[in-house]
Amino acid sequence: MKVEDHQKRSETVGPHTVGVTSYRMGSTWHASVDNASNGAVLARGEGSTREAAEKVALGKAKTILGKAKAPAAAAAKEAAKGKAAAKPPAKKPEAKAAGAKGKKKDEEE
């Protein structure tokens, strides 16, 4: 069989940009959704029309990407972690301070 009606385009799914590829082989349409930044295929779908195949693939990709962190949100969270790590740990009240007061009382008596 021969690939016919090949099409590739970019689409935004939430905060992510993905590539959507679709084509027909015989009477079946095939679609795949990939990560636009590195080309890794996220999901595939088949259908009797281009729209049906893309809908299946995009639905699967939305589920996968919904579980992933948004690129900007992940970067902001990492930056916040770095700032939190730079802060010195909070000081805990020392037990010696109470003991020192007790000694002073003994000395006063």
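The values are calculated or read from the model by the stated rules, or taken from the named source; none is laboratory data. Owing to the predicted nature of the structure, the values given are computational and were not obtained by experimental measurement. Note that we place each Cβ from the backbone using ideal geometry, even for glycine, and neighbour counts take in every protein chain shown.
Could you list, in sequence order, all residues of the range 1-18 that are surrounded by fewer than 18 Cβ atoms within 10 Å (Cβ to Cβ) and under 26 Å from the mean Cα position of the chain (by Cα)? Residues satisfying the conditions are Lys8, Arg9, Ser10, Glu11, Thr12, Val13, Gly14, Pro15, Thr17.
Residues in the range 29-59 that are in contact with an Asp or Glu (Cβ under 9 Å, 6 or more places away or on another chain) and surrounded by fewer than 12 Cβ atoms within 10 Å (Cβ to Cβ): Ala40 alone.
Residues of the range 2-32 that are of a type in the set (D, E, K, R) and free of Cβ contacts under 8 Å to residues at least 40 places away in the same chain: Lys2, Glu4, Lys8, Arg9, Arg24.
Just wondering, is there one or more residues in the range 62-74 that are closer than 27 Å to Glu11 by Cα, among the basic types (Lys, Arg) and at pLDDT 80 or above? Among the residues of the range 62-74, at least one is closer than 27 Å to Glu11 by Cα, among the basic types (Lys, Arg) and at pLDDT 80 or above, which makes the answer yes.
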